[in-house]
Amino acid sequence: MISFEYPAVLALCLVPPAVAVMSAVRSSRHTRRLALPLDLWNGTRTADAPSFWRLASLVSGLFYGLAWMALALAAAGPAGESGDVPSSNIGIDLVFAIDASPSMAAGDLDPTRLEAAKAFVRAYVESPEGAAGAAVGLVAFGAEAALACPPTTDYATVLERLETIKPGILGDGTALGLGLSSAFRQLAASGAPGAVAVLLSDGEDNVGLVHPADAARALDAYGAGLLVVGLGSRGDVPIDYVDPATGQRMSGAYRSGFDDAAMSSIAAAGGGIYRTVDDTRALAALAAELGDLGSASVAARSGTGAAMPGGGIAAKRPVGRPLFLAAMALAALGWAIRRLLFGGLA
């Protein structure tokens, strides 16, 4: 889409058509405006020039007219607006808050809820349309919350730290509020133009001194995007879990208390998006939404630009220079025709 900074200047584009109309009217009245260079100076006027010469004069005039219109368009300050698929997310910080409670060892996602969440993070970091310059950070939480990796563009380090997150490493409990508030602290400390928090959990909030909705509202007030992803399902699900504190292995059926309503309310409190997934394919499809959230956050925090569908920010790309060069080329062609064929400037 093309917009103009000085649209009133576009009125100058009407000058060449107006001149052409006036010339046609005068010609119809058999009045000669200019003497052709083929006439002898102060001599007797010849009859009308042959068709070839008249056509050459017409083409030359057409080039001059187009050159004028191209200059008028360039003077109007044209710019192309585009919402392109982001090839670079530089300036965006994204922190994943990953539930590492024992319940994330449940096997209703392949192979487990936690491994599915980690696969989602890997897919975002490694895909061309994923991180692409964004600083990625990791927060793990259970009964407590801990920073696993500060926001960085060293994706190899991010993936290395991701593998250290295991079920139960932060205690037997799920402190959603602590996890989300820890992600917020990392985003606020960096002060990047764009900020996004992603909460990956089975939603069984049962411990912690920070209410998840309060943490979500803090993110919203900061201008950060929020994606809340509910992992798992309710009912009896298989689980195979090794307690990192005791080394005891527990295997069998687990009565899942996955709380879809609680997760949805967290997203609503933060003005974010809630998605629930019950298979890894649905989880992988969420990567595109992270780009949209990052773009919207940049627009919200900077107060400039407009978020566009498809994950880009409306950016203006000036196109006046090509029009100016085209005008010069057209004018040169018009001059060349008159100079070479008529032997002078007509």
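The values are calculated or read from the model by the stated rules, or taken from the named source; none is laboratory data. These figures come from a predicted structure and were not determined experimentally. Virtual Cβ from ideal backbone geometry, glycine too; neighbours counted across all protein chains shown.
Tabulated data for the structure shown
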{"quantity": "From the options Ala97, Ala132, residue that is outside any strand (DSSP E or B) and either out of contact with any helix residue (DSSP H, G or I) (no Cβ under 7 Å at 6 or more places or on another chain) or within 24 Å of Ala213 (Cα to Cα) (or both)", "calculated": "Ala132"}
{"quantity": "Matching residues, the stretch 208-228, being buried (at least 18 other Cβ atoms within 10 Å of the Cβ) and in a loop (DSSP other than H, G, I, E, B)", "calculated": "Gly208, Val210, Gly223, Ala224"}
{"quantity": "Residue satisfying all of: in the stretch 9-60; modelled with pLDDT under 55 and basic (Lys, Arg); nearest to Leu330 (Cα to Cα) among these", "calculated": "Arg33"}
{"quantity": "Count of residues meeting criterion [at pLDDT 75 or above and either surrounded by fewer than 17 Cβ atoms within 10 Å (Cβ to Cβ) or not in a helix (DSSP H, G or I) (or both)] in the stretch 305-325", "calculated": "4"}
{"quantity": "Cβ-Cβ under 7 Å pairs, at least 6 apart or on other chains, the stretch 124-145 side more than 17 Å from Asp172 (Cα to Cα), far side among the aromatic types (Phe, Trp, Tyr)", "calculated": "Val125/Tyr155; Gly130/Tyr124; Ala131/Tyr124; Ala131/Tyr155; Val136/Tyr155; Leu138/Phe96"}
{"quantity": "Residue list for the stretch 225-264, restricted to those being in contact with a Phe, Trp or Tyr (Cβ under 7 Å, 6 or more places away or on another chain), under 30 Å from Ala195 (Cβ atoms) and among the aliphatic types (A, V, I, L, M)", "calculated": "Val228, Met263"}
{"quantity": "Pick from the stretch 181-227, criterion touching a Pro at 6+ places or on another chain (Cβ under 8 Å) and of a type in the set (Gly, Ala, Ser), ranking: nearest to Gly271 (Cα to Cα)", "calculated": "Ala192"}
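Here's the yes/no breakdown for (1) of a type in the set (D, E, K, R); (2) part of a strand (DSSP E or B); (3) surrounded by fewer than 18 Cβ atoms within 10 Å (Cβ to Cβ):
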{"site": "Gln186", "(1), (2), (3)": "no, no, no"}
{"site": "Val196", "(1), (2), (3)": "no, yes, no"}
{"site": "Asp205", "(1), (2), (3)": "yes, no, no"}
{"site": "Val237", "(1), (2), (3)": "no, yes, no"}
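Yes or no, residue by residue, for (1) at pLDDT 80 or above; (2) surrounded by fewer than 17 Cβ atoms within 10 Å (Cβ to Cβ); (3) hydroxyl-bearing (Ser, Thr, Tyr):
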position: Tyr241; (1), (2), (3): yes, no, yes
position: Ser251; (1), (2), (3): yes, yes, yes
position: Ser264; (1), (2), (3): yes, yes, yes
position: Tyr274; (1), (2), (3): yes, no, yes
position: Leu283; (1), (2), (3): no, no, no
position: Gly303; (1), (2), (3): no, yes, no
